[in-house]
């Protein structure tokens, strides 16, 4: 009894935090799993009647376990208001310990009190259970036992999560709901053994946010001359959050930072917390590349060919430090150029083999050859693998995505198993072409699930690493990534929504969780269409030369066709309004957390879309001489001011000023070569708040407005005289024409059609700035065939005549019906399917996607009715996947009716080589689709069937578009055609 009392006395004093205001973080009196807020038979009192169970840990346990006991005490104090401390004899404690390391745990096991079957010898596994008479003098205990240090740590943090402490409590100021009573339920509880052994994230691209905020909040780095280094106080918060999320592996920040030097305590702090350290693909042998930049030796060149002795000595120093300081780490092998570029030495299997042989010999010399080792096949390095190079069998081969969330390679199932297994390097943040994306979360969870699922089921289970930028701003996808790595079976495709509701409940409570989850789900879908940083860049394919064209002063969304920019902006404004309404329901204590985890990214992106719409419409209207162009310039300036105000609040007022200088990431001025130089097309500008709001890039335009009225007319579709063709089968029932003023004085207008069955609303009125009139056709009165109807607009002493072509075909519609020169079909809207297909909800830019789960015979059939004959172009809109399988390319087959199928190799057809990151790859990833087109001959009008067949199972079909001569440029493609009877 006396030793237990002494151990209980180890509970350390805690900083007192006032209880948070009430918020519904539990439903029906219970938290998730094994913790309840109500007493019951056999339940263990974690806290009740103003007392909390002491948290007991043996001083002989791992340092990380002793440390986490303090966090658990602090969490219990935060939730209950009671500080767990020393217990009198017989008081029921919480006992925390590691099998084989904690004498307390081992005594229980030896006495038969604690069942460790399925625990002992496992990796990072925990059991939680109530144990009667666990030790002499103790009536009952709630025992958290781990198979190893991190297993115990995860168990402690799991209890913290279940009593209501969010893993994001520090990074996003998530408070907790107060509970006077908490009880552990009877039974043997476990979170299981992780499916992926090493799971972690990469702090990267950390300027300006982390790089500015962290030294101000935690203090400067400790390395002389490098005050912007990240010190141990900063990393302690990162490590704690990692462990709360059940991550175990970190690549530290690299932008001008050296983990081992910026604070000599950084590695010791990682060991103290029990975190596995590594280095990125550009930093071999446990040394960040910045260490070389600070202390170059020899010729100073990062070249294995021209400066080999210095390079070898540098690597040896890293290995010796790892051995000397007993760092638990994963050693990166191989070599890339300084600055994460290709090697200046050239490439080749012989060179890479020599590099790795040298590194392996250093590991033998320093006694580290048994440490886990990886080689990351990043960018051009994958060519070595493709050309037959294989690292030693015990080295984990890490396959990468293309920096935009599309894996580049999966293991070849025909190869023998590797002792080191396979790993994955993935991205939620990136700096590079086609453009940086690092401002806010832009992740589509369905897309992420599909790629993680394919990776895991292909045998990639040894190591998962994801680039999360600053970590903060990527909270939801980071937690999703780590939860999936822990237990893929717990998050099936149909369970993503449930997971998202759980994430929302964890941070905001069960009552608000459904609405928050729905908002975040819609946000992720809209955001994944295109990165916010790319809203002023249109990337197109020249139809003649087939060359990629970049226009950094053009909206990617069409201003003139299909109402696209207005429609997309309206969707974002509706989402922003939902965020406003939801914010009003959030309790005061949760407002800061809501702003950070939900509101800012939704509202600021909605505002950015409104800014871009005002900006690009201003430029269009100014070219047309519309007086309202100046109003749109003012609106763009107001939206810019709103953006800056939201950032200013984030940087000064949020959470009492805690996040000072965090929200500095530019996202508006990309592409301004005049201001930011030749790298501007992809590299971030220095700042958003350029000298004058007029310099929002592209520049706003203003027009001189004369006093006298002047009438102008502009048409839907952008043609100056002819409206798009009307059809009873078109997706959009109405079209418009704008009557606008080029002067300051108002004027009266009138619009009349030459046929009474063409209806215009409003047909007359007064124009101050502009009036949008709607044009519709009364199809019950319109004649069959094609009629060209003149429409006359008069006003301000001027008459303008435009034309409305009206086509009323005589046909019996079936399936999707041609109108406006096209047929567009969303993938899930097939007429018939053969084989097993998986629906991937909202993975596409316009809706769901389909991927085949069965063999090459799988096919989708789409019934359609065409009025056009002759050659037509059929575009398959696919998710921008890469050739991940050992078969050549990425292939599908397509045909019309009984015509021979055309097989398309998507990689070869587009020329999108993700190894060299060429322009076609930039277009595909920026547009978040790959589009390939085939030509087919339609021999007769009427019913036809378009057949899409899978050849390679990784193809994801989003939609099909049949261009019969009328498809106009738009980012999302033409709206889906009307469908009849199929």
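The values are calculated or read from the model by the stated rules, or taken from the named source; none is laboratory data. In this text, all values refer to a predicted model and were calculated from it rather than measured experimentally. Heads up, the Cβs are rebuilt from the backbone with ideal geometry, glycines too, and the neighbour counts pull from every protein chain shown.
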Quick one: which strands (runs of 3 or more DSSP E) lie wholly within region 31-112 and hold at least 1 residues that are out of contact with any helix residue (DSSP H, G or I) (no Cβ under 9 Å at 6 or more places or on another chain) and closer than 16 Å to residue 179 by Cα? 44-48
Is it the case, given these coordinates, that residue 584 is surrounded by fewer than 18 Cβ atoms within 10 Å (Cβ to Cβ) and under 19 Å from residue 525 (Cα atoms)? no
Inspect all residues belonging to region 912-930 and state whether any of them is closer than 22 Å to residue 831 by Cα and free of Cβ contacts under 8 Å to residues at least 40 places away in the same chain. no
Looking at 545, 540, which is the one that is surrounded by fewer than 20 Cβ atoms within 10 Å (Cβ to Cβ) and part of a strand (DSSP E or B)? 540
Restricting the search to region 90-114, which residues are free of Cβ contacts under 8 Å to residues at least 24 places away in the same chain and either over 13 Å from residue 133 (Cβ atoms) or in contact with a strand residue (DSSP E or B) (Cβ under 8 Å, 6 or more places away or on another chain) (or both)? 100, 106, 109, 110, 113
Give me a count of the residues in region 797-832 that are touching a residue at least 40 places away in the same chain (Cβ under 8 Å), outside any loop (DSSP other than H, G, I, E, B) and either in contact with a helix residue (DSSP H, G or I) (Cβ under 8 Å, 6 or more places away or on another chain) or under 30 Å from residue 929 (Cα atoms) (or both). 9
In this structure, is residue 338 at pLDDT below 95, in contact with a helix residue (DSSP H, G or I) (Cβ under 7 Å, 6 or more places away or on another chain), surrounded by fewer than 20 Cβ atoms within 10 Å (Cβ to Cβ) and within 20 Å of residue 225 (Cβ to Cβ)? yes
Could you please find all residues in region 153-168 being part of a loop (DSSP other than H, G, I, E, B) and closer than 25 Å to residue 143 by Cα? 163, 164, 165, 166, 167
In region 417-425, is there at least one residue being under 23 Å from residue 302 (Cα atoms) and either at pLDDT 95 or above or surrounded by fewer than 21 Cβ atoms within 10 Å (Cβ to Cβ) (or both)? no
Of the candidates 228, 207, the one satisfying the condition of being in contact (Cβ under 8 Å) with a residue 24 or more places away in the chain, within 30 Å of residue 283 (Cβ to Cβ) and out of contact with any helix residue (DSSP H, G or I) (no Cβ under 6 Å at 6 or more places or on another chain) is 207
Test for residue 776: is it within 30 Å of residue 864 (Cβ to Cβ), crowded, with 17+ Cβ neighbours inside 10 Å and at pLDDT 95 or above: no
Only unsatisfied item for residue 206, checking (1) within 23 Å of the chain's Cα centre (by Cα); (2) surrounded by fewer than 17 Cβ atoms within 10 Å (Cβ to Cβ), is (2)
So, residue 484, is that one free of Cβ contacts under 8 Å to residues at least 40 places away in the same chain, buried (at least 24 other Cβ atoms within 10 Å of the Cβ), closer than 22 Å to residue 198 by Cα and in the same structural domain as residue 247 (by TED's automatic domain parsing) or not? yes
For region 928-944: of the residues being assigned to a strand (DSSP E or B) and more than 37 Å from the chain's Cα centre (by Cα), which is surrounded by the fewest Cβ atoms within 10 Å (Cβ to Cβ)? 937
Give just the number: which of (1) in a helix (DSSP H, G or I); (2) under 30 Å from residue 698 (Cβ atoms) does residue 501 not satisfy? (2)
Among the residues of region 30-47, which ones are surrounded by 18 or more Cβ atoms within 10 Å (Cβ to Cβ) and over 16 Å from residue 131 (Cα atoms)? 31, 36, 37, 47
Does residue 621 meet the test of being touching a strand residue (DSSP E or B) at 6+ places or on another chain (Cβ under 9 Å) and either in a helix (DSSP H, G or I) or within 19 Å of residue 595 (Cα to Cα) (or both)? yes
Could you go through region 428-440 and let me know if any residue there is in a strand (DSSP E or B) and within 23 Å of residue 878 (Cβ to Cβ). yes
Tell me whether region 555-564 contains one or more residues that are at pLDDT 95 or above, more than 25 Å from residue 508 (Cβ to Cβ) and part of a helix (DSSP H, G or I). yes
Checking residue 465 against (1) touching a strand residue (DSSP E or B) at 6+ places or on another chain (Cβ under 7 Å); (2) in a helix (DSSP H, G or I); (3) under 30 Å from residue 234 (Cα atoms), only one condition comes out false. Which one? (2)
With 416, 392 as the choices, which residue is over 21 Å from residue 482 (Cα atoms) and in contact with a strand residue (DSSP E or B) (Cβ under 9 Å, 6 or more places away or on another chain)? 392
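Here's the yes/no breakdown for (1) in a loop (DSSP other than H, G, I, E, B); (2) farther than 19 Å from residue 92 by Cα; (3) at pLDDT 95 or above; (4) not assigned by TED's automatic domain parsing to the domain that holds residue 38:
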| site | (1), (2), (3), (4) |
| --- | --- |
| 144 | no, no, yes, no |
| 170 | yes, yes, yes, no |
| 175 | yes, yes, yes, no |
| 212 | no, yes, yes, yes |
Only one of these conditions is not met by residue 674: (1) modelled with pLDDT of 85 or more; (2) farther than 30 Å from residue 746 by Cα; (3) in a helix (DSSP H, G or I). Which number is it? (1)
So which of 950, 954 ends up being closer than 30 Å to residue 387 by Cβ, over 26 Å from the mean Cα position of the chain (by Cα) and either in the same structural domain as residue 550 (by TED's automatic domain parsing) or crowded, with 22+ Cβ neighbours inside 10 Å (or both)? 950
Can you confirm whether residue 313 is on the phi < 0 side of the Ramachandran plot and touching a residue at least 24 places away in the same chain (Cβ under 8 Å)? no
Kindly indicate the residue of region 690-741 that is buried (at least 18 other Cβ atoms within 10 Å of the Cβ) and within 32 Å of the chain's Cα centre (by Cα) and also modelled with the lowest pLDDT among those meeting that condition. 690
